Amino acid sequence: MTYTETADRPLFDAGESERPDMNEQKPAINQSAAEEIPENVAIEVRKLAHELSNALEVIVQTTYLLGTVELKEPGSEWLRMLDNGVRRALDINLSLRTYIKDHSPK
């Protein structure tokens, strides 16, 4: 997902995919010291990560829709704050999913 900043609010770049690239590698968790997650725990954490992804998708779409309308201050500032929070949440979710994948039984 690509957002571009304008002078007054972030806008969704309609030319890009509406979903983040889940294959993009982002270093976030020290993986060298980690051990394999037990299978029963990995299954439950995968389920939770999936549910988190679904919940984040609602927030991402809402942020996109809010970015398509003119907002007066302080609404446009709140939208920028929401957009930044959404980006951080997506990065954290990607890190979590990558960690689970890399440390689950094969």
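The values are calculated or read from the model by the stated rules, or taken from the named source; none is laboratory data. Since the model is a prediction, treat every value here as computed from it, not as a measurement. Positions of Cβ are backbone-derived with ideal geometry, glycine not excepted, and every protein chain shown enters the neighbour counts.
Before we move on, is Arg87 touching a His at 6+ places or on another chain (Cβ under 9 Å), modelled with pLDDT of 90 or more, crowded, with 16+ Cβ neighbours inside 10 Å and not β-branched (Val, Ile, Thr)?
no
Considering the stretch 34-46 alone, what residues qualify as being part of a helix (DSSP H, G or I) and over 22 Å from the mean Cα position of the chain (by Cα)?
Glu39, Asn40, Val41
Given the conditions (1) outside any loop (DSSP other than H, G, I, E, B); (2) in contact with a helix residue (DSSP H, G or I) (Cβ under 6 Å, 6 or more places away or on another chain); (3) modelled with pLDDT under 50, which single one is not true for Ala49?
Condition (3) is where Ala49 drops out.
Within the stretch 46-84, restricting attention to residues that are β-branched (Val, Ile, Thr) and surrounded by 16 or more Cβ atoms within 10 Å (Cβ to Cβ), which residue is nearest to Glu36 (Cα to Cα)?
Val60
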